[in-house]
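The values are calculated or read from the model by the stated rules, or taken from the named source; none is laboratory data. This one's a predicted model, so the numbers in the text were calculated from it and none came from an experiment. Here Cβ is always computed from backbone atoms with ideal geometry, including for glycine, and neighbour counts include all displayed protein chains. Accessible surface is based on the protein model in full, side chains and every heavy atom, while ligands, DNA and RNA are left aside. Shrake-Rupley method; radii C 1.70, N 1.55, O 1.52, S 1.80 Å.
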Amino acid sequence: MEKTTIKDQNRKKHFIREIIITVVLLVFFAIWLSPLLISLSASLRRPDNLSSYFKMFTEFSLESYKAAFKKMNYFRSLANSIIITFSSVAILVVVVCLAGYAIARIKNKVGSFLQIFFMAGMIVAAQMSIVPMYKILNAVGIANTKLAPILLYVTSSISFSVFLCINFVKSSVPYSLEEAATIDGAGVLRTFFTIVVPLIKPAIVAIIITQGVPIWNDFFFSMMFLSTPTQKTLPLVMLNFIGDMENATQWNQLFAACYLSAVPILIVYAFLQRYFISGLTAGAVKG
Amino acid sequence: MIKKKTRILYIFVIPALVFYLIFWIAPVLASFYYGLTDWSGVGKYNFVGLRNLKILWNNGTLVSSIKNTVIYALYSVIWGNIQAFVLALILNMNIRSKGFFRTIFYIPALFSTIVIGFIWSYVYAPHYGMLYELFKMLGLESMAPNLLGKSKTALIAVAFVERWKTSGTLTIIYLTGLQGIPSEAIESARIDGCNAWQVTRHVRIPMIANTITVNTMLGLISGLKAYDYIFTLTHGGPGNSTSTLMYAVYKLAFIENQYGVAEALAAIAFVMILTVSIIVLLIMKRKEIEA
């Protein structure tokens with residue numbers, strides 16, 4: 001009898017503690033995310049509603065969105081973003097899985113050299129060498145095409161992705177499985193596709209998430225290479241709004257543009273959240 | 001047999017290696033070469049040896065951009081990791097709404113740098129921004145700070161925006177690390193009489209030491225390469241107070257047309273990031289073993 005009361009007390013204590021923590025967290029996140037909430041509420045106002053932004057969600061109109069949609073040439077920019085991101089990530093995954101697996105399995109000095117050589121690339125920033133990059137792509141005749149940012153997105157993501165893939169193969173693909181396949185007469189290619197690829201799926205998800213989101217959001221390479229309006233991506237057309245910042249009367253439309261450019265990836269996140277969380281952690285927690 | 005297998009494995013590396021050598025390594029080496037010339041970005045150029053370094057030293061760009069970069073990176077890494085770790089500890093306390101908080105915490109990471117730049121330009125804007133209105137509401141209008149406009153506060157204000165965007169990611173990574181700790185390890189420490197702080201210090205931290213190292217290294221390298229938020233929020237100003245190494249390189253090359261000087265600075269940045277990363281990595285690895 002006495003025991004159960006102590007248990008009940010404990011449970012009550014835990015319950016109260018949980019409520020307090022939850023309330024504290026709610027307050028913290030409301031403050032932390034307030035810039036997003038205020039800009040969202042502002043984007044839902046008519047362009048001429050200039051009352052204080054602190055009076056949140058007092059008007060729901062899509063007028064600002066309409067104006068921003070037109071100015072962004074939305075569907076064209078969206079298509080450009082999708083083409084560039086998907087091509088980059090697809091090439092990246094193929095190239096990185098092959099290299100990452102191979103380097104993990106080349107068990108000699110060349111293997112360890114390659115691992116360090118690829119990792120060292122993380123130290124390079126694109127700003128350091130964008131002009132020679134431009135010269136090389138120009139010499140091949142593709143400096144002003146979508147191929148230019150695609151090739152550079154693949155390249156700039158290689159170092160981290162190879163590093164992640166090598167670690168994942170070493171920790172999660174049992175060498176004995178591959179040996180068994182070899183004894184059964186499977187060649188390297190078949191072993192790779194039937195045994196290795198299924199086992200490194202979490203690493204592939206991690207590469208898609210950790211590299212795909214920044215590629216989708218990047219403006220630097222597209223800004224450097226895509227000059228014709230018809231090629232511009234969503235982040236790039238956002239630069240057209242910089243002038244609006246000087247003019248307080250344009251902020252509603254500017255915020256609408258911000259949300260329009262974020263909506264595609266927010267939708268993807270809403271549906272594939274599970275993969276985002278596991279993808280983010282595969283690299284850092286396992287490695 | 002094994003030799004043949006290894007040969008095929010080498011072929012597997014070739015596509016990645018071709019991309020990497022042509023578009024990453026070769027341009028960097030070319031840049032270092034241009035750093036020894038007086039090239040303006042177009043036309044002919046002369047070989048000038050180390051003159052560009054002297055220019056960077058004499059006009060103060062070298063010292064100020066290194067200083068700004070180091071402050072930015074240190075602030076990002078130290079504050080970012082502490083905040084993320086503490087939040088992960090709180091979220092790990094078996095809170096029912098943990099999943100919900102984790103979901104919304106990642107949302108800022110989904111927005112592009114440019115969009116984040118616009119939103120925070122509004123937050124910081126003097127005379128009508130969010131912070132200004134907040135001070136006005138509290139009747140402290142005259143005390144409202146102009147964080148991006150003052151050279152003393154601008155750098156940290158920019159670094160804070162990057163923290164704001166990425167701390168959800170960091171917290172999720174730490175949270176996953178904490179959840180991977182076997183509960184027996186924590187139980188037995190409790191039975192041995194450890195209090196909450198001791199459990200964290202002697203059980204949790206050592207068991208996620210690898211995660212701490214990875215987060216620190218990635219944060220450090222990206223902090224030392226800081227460019228995006230400077231570009232969208234301050235363009236290096238006021239004065240040069242937020243001009244980091246990468247922003248200074250960009251500005252010299254594309255705005256001031258001193259390409260040779262820009263690349264000399266890039267070469268210094270490269271050597272600096274490489275050295276700092278190796279030193280910090282060695283220290284972290286040693287600590288990992290000690291812990």
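Filtering the range B:24-38 for residues that are more than 7 Å from chain A (Cβ to nearest Cβ), farther than 25 Å from A:Lys135 by Cβ, open to solvent by 80 Å² or more (accessible area, probe 1.4 Å) and modelled with pLDDT of 90 or more leaves an empty set. Determine, yes or no, whether A:Val94 is closer than 30 Å to A:Phe192 by Cα, in contact with a helix residue (DSSP H, G or I) (Cβ under 9 Å, 6 or more places away or on another chain) and open to solvent by 30 Å² or more (accessible area, probe 1.4 Å). Against the criterion (closer than 30 Å to A:Phe192 by Cα, in contact with a helix residue (DSSP H, G or I) (Cβ under 9 Å, 6 or more places away or on another chain) and open to solvent by 30 Å² or more (accessible area, probe 1.4 Å)), A:Val94 qualifies. Selection within the range A:127-147: residues that are within 11 Å of chain B (Cβ to nearest Cβ) and closer than 26 Å to B:Phe12 by Cβ. The member of this set that is surrounded by the fewest Cβ atoms within 10 Å (Cβ to Cβ) is A:Val140. The single condition from (1) β-branched (Val, Ile, Thr); (2) at pLDDT below 95; (3) in contact with a Pro (Cβ under 7 Å, 6 or more places away or on another chain) that A:Ile21 fails is (3). The lone criterion from (1) assigned to a helix (DSSP H, G or I); (2) under 30 Å from A:Leu226 (Cα atoms); (3) not polar (S, T, N, Q) left unmet by A:Ile142 is number (1). So if I check each of B:Ile191, B:Ile181, which one is among the hydrophobic types (A, V, I, L, M, F, W, C) and touching a residue at least 24 places away in the same chain (Cβ under 8 Å)? Just a single option satisfies the conditions, and that option is B:Ile181. Residues in the range A:208-223 include none that are more than 10 Å from chain B (Cβ to nearest Cβ), in contact with a helix residue (DSSP H, G or I) (Cβ under 7 Å, 6 or more places away or on another chain), at pLDDT below 95 and not in a helix (DSSP H, G or I).
Hey, does the range A:210-218 have a residue that's closer than 30 Å to B:Pro126 by Cβ and either open to solvent by less than 10 Å² (accessible area, probe 1.4 Å) or not hydroxyl-bearing (Ser, Thr, Tyr) (or both)? Yes, some residue in the range A:210-218 is closer than 30 Å to B:Pro126 by Cβ and either open to solvent by less than 10 Å² (accessible area, probe 1.4 Å) or not hydroxyl-bearing (Ser, Thr, Tyr) (or both).
Determine whether the range A:75-83 contains at least one residue that is among the polar types (S, T, N, Q), in a helix (DSSP H, G or I), out of contact with any Phe, Trp or Tyr (no Cβ under 7 Å at 6 or more places or on another chain) and open to solvent by 20 Å² or more (accessible area, probe 1.4 Å). No, the range A:75-83 contains no residue that is among the polar types (S, T, N, Q), in a helix (DSSP H, G or I), out of contact with any Phe, Trp or Tyr (no Cβ under 7 Å at 6 or more places or on another chain) and open to solvent by 20 Å² or more (accessible area, probe 1.4 Å). Condition first: open to solvent by 70 Å² or more (accessible area, probe 1.4 Å), under 17 Å from the mean Cα position of the chain (by Cα) and closer than 29 Å to A:Arg17 by Cβ. Now tell me which residues in the range B:56-104 satisfy that. Selection gives B:Trp79, B:Ile82.
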